[in-house]
Amino acid sequence: MTTNEKLTPNEVDVCDLPVWLRGKEIDEVAFCCKFTEDQPLQTRNKRFYLQNGNEVSEDIIEKMIYDQVSQYKTSGLDATVRKLLNLLKISLASLESPLETDRVYLENGVVLLTGGNIDFHVYDKNRAFCRNTLPVCYDKDASEPGIWKKFLSELFEKEDICTLQEYLGYCLIPSKKAQKMLIISGEGGCGKSCIGQVLQEIFGSNNLCDGGLYELETNRFTAAELEGKLLVIDDDMKTAPFPHTHKLRKLVTEESPMQIERKGVQAYSTPVYARVLAFTNGTLISNETDDILGALLRRVILLTTKAKDPGRKDDPGLSEKMCQEKKGIFLWMLEGLQRVLRNHFQISVSQQTEKNLLVLKSNNIDEFLEDSSCVRMDSGASATTRNLYGAYLSWCEGNALNPQPLRIFSSHLKQSSQRLGLTVSNKIIETGKKQVRGFQGIEVVWAKAQER
């Protein structure tokens, strides 16, 4: 007999036959029992999961069933495999269990958070099923993440590092009690994207997903990608106005199940506990009625990065070096989580961060640009950023309004340039001076501003 030929029950010793084979027929109940005995599985919403919470695709389960059944059955395999797959879904279906917010599952055990203390327990052979397991091993003696901390000190103010530590710690457990999302705003090239790469290493693809928040509002299937995830990262958050923010507000604030739609599957409700971290190079503008944040402002923590040091030399291998510190970074995040729990899910925010939101909420740049007594849109005109900002300061003073910082003013003009018909340029001529940065398509007409 060649190795490619199938064995029949008559050609195999009866002791070698699987327990689910009855003559030429398959005992379907016995097959399911034996299958899950060899490979512990669980199904939620008709999707397969391992003990560690990682999802297993139907294709893999089908292949496993095929490999076993095809040794003894040579006809009608497709129907048999599909039938056994559906029976497995039914037999493994579990009721929605309460979210475990007092523990963090890791590769080598579980961290219990009780009474403000940390208790680590190694898994035993009867490990229970969980929703999320981080691809990190707990090591209480892990080295201090020096590279990570130095990187953060160059990127944020000290108080903002504490905020980041607590928010990332908050993302370790499946809870939305803080009802906050974090947005990190800063100039391109400052290094903030390295944070996302490190988090990818700590959370893993089974617990973290990349996704655009704009798509969450505009594509009804996007929410399904958040099921079972601890964190969603938008690494290039759009600053263009959203059509609405209903789903985003629900994702950030509501602990009740969300409606999930998948292509070809009937919609269902399930807990979605992914926290939101977004990065943006632009300016988030709040006009209350036509804005990305609008009614969500009370739920936003907005951190701004420091200006990049002109003398700083970028290290292309920085992310990889920080990823090697992931055990220490996890302990750093765990400290943040402990503070959040002690403070009853209140995340520490500096006065400057609170001020960032107040400035954002009272943004008035577009109102200034619409005032024809200050500026005029003209395709043949140009203005330096300095002169435009001077006109804006004068306008704010005359209207008793608080002005936005220069960085936000300039960033907003760049982000709005296409809408306003402007062209960003670094070759605008200042009177009697060299070429400087500014915009083509706009002219300053307020004499008071020109005198500055």
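A few notes on this one:
- Hits in the range 66-100 - residues which are touching a residue at least 40 places away in the same chain (Cβ under 8 Å), surrounded by fewer than 16 Cβ atoms within 10 Å (Cβ to Cβ) and outside any helix (DSSP H, G or I): Ser70, Gln71, Thr74, Ala93, Ser94, Glu96, Leu99
- Residue ID - modelled with the lowest pLDDT, chosen from residues in the range 75-109 that are hydrophobic (A, V, I, L, M, F, W, C) and within 23 Å of the chain's Cα centre (by Cα): Leu99
- Among residues of the range 118-138, those that are without any contact (Cβ under 8 Å) to a residue 60 or more places away in the chain and either outside any strand (DSSP E or B) or exposed (fewer than 14 other Cβ atoms within 10 Å of the Cβ) (or both), counted: 7
- Scoring Asn4 on the criteria (1) at pLDDT 85 or above; (2) not assigned by TED's automatic domain parsing to the domain that holds Asn86 leaves a single failure, condition (1).
- Number of positions in the range 38-57 that are of a type in the set (D, E, K, R) and surrounded by fewer than 16 Cβ atoms within 10 Å (Cβ to Cβ): 3
- The helices (runs of 4 or more DSSP H) found wholly in the range 157-274 and carrying at least 1 residues that are within 15 Å of the chain's Cα centre (by Cα), at pLDDT 95 or above and under 19 Å from Leu297 (Cβ atoms) occupy 158-170.
So that you can scan it fast, the table gives a plain yes or no per residue for (1) surrounded by fewer than 20 Cβ atoms within 10 Å (Cβ to Cβ); (2) at pLDDT below 90; (3) of a type in the set (Val, Ile, Thr):
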site: Arg312; (1), (2), (3): yes, yes, no
site: Lys327; (1), (2), (3): yes, no, no
site: Gly336; (1), (2), (3): no, no, no
site: Arg339; (1), (2), (3): yes, no, no
site: Ile347; (1), (2), (3): no, no, yes
site: Asn356; (1), (2), (3): no, yes, no
site: Lys361; (1), (2), (3): yes, yes, no
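- The conditions of being among the polar types (S, T, N, Q), in contact (Cβ under 8 Å) with a residue 12 or more places away in the chain and either outside the structural domain of Glu55 (by TED's automatic domain parsing) or out of contact with any Lys or Arg (no Cβ under 7 Å at 6 or more places or on another chain) (or both) are not met by Asn219.
- Where Tyr72 falls short, out of the listed (1) out of contact with any Pro (no Cβ under 9 Å at 6 or more places or on another chain); (2) in the same structural domain as Lys24 (by TED's automatic domain parsing): (1)
To keep it simple, each residue is scored yes or no on (1) in contact with a Ser or Thr (Cβ under 6 Å, 6 or more places away or on another chain); (2) within 16 Å of Ala383 (Cβ to Cβ); (3) at pLDDT 85 or above; (4) in a loop (DSSP other than H, G, I, E, B).
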residue: Ser394; (1), (2), (3), (4): no, yes, yes, no
residue: Glu397; (1), (2), (3), (4): no, no, yes, no
residue: Ala400; (1), (2), (3), (4): no, no, no, yes
residue: Leu413; (1), (2), (3), (4): no, yes, yes, no
residue: Gln418; (1), (2), (3), (4): no, no, no, no
residue: Thr431; (1), (2), (3), (4): no, yes, no, yes
residue: Gly441; (1), (2), (3), (4): yes, yes, yes, no
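- Single condition Arg44 does not satisfy, out of (1) modelled with pLDDT under 90; (2) touching a Phe, Trp or Tyr at 6+ places or on another chain (Cβ under 8 Å): (2)
- Taken over the range 420-442, the criterion of being among the charged types (D, E, K, R) and within 21 Å of Gly188 (Cα to Cα) is satisfied by Lys427, Arg437.
The values are calculated or read from the model by the stated rules, or taken from the named source; none is laboratory data. Everything numeric here is computed off the predicted structure, so don't read it as measured data. Note that each Cβ is placed from the backbone with ideal geometry, even for glycine, and that neighbours are counted across all protein chains shown.
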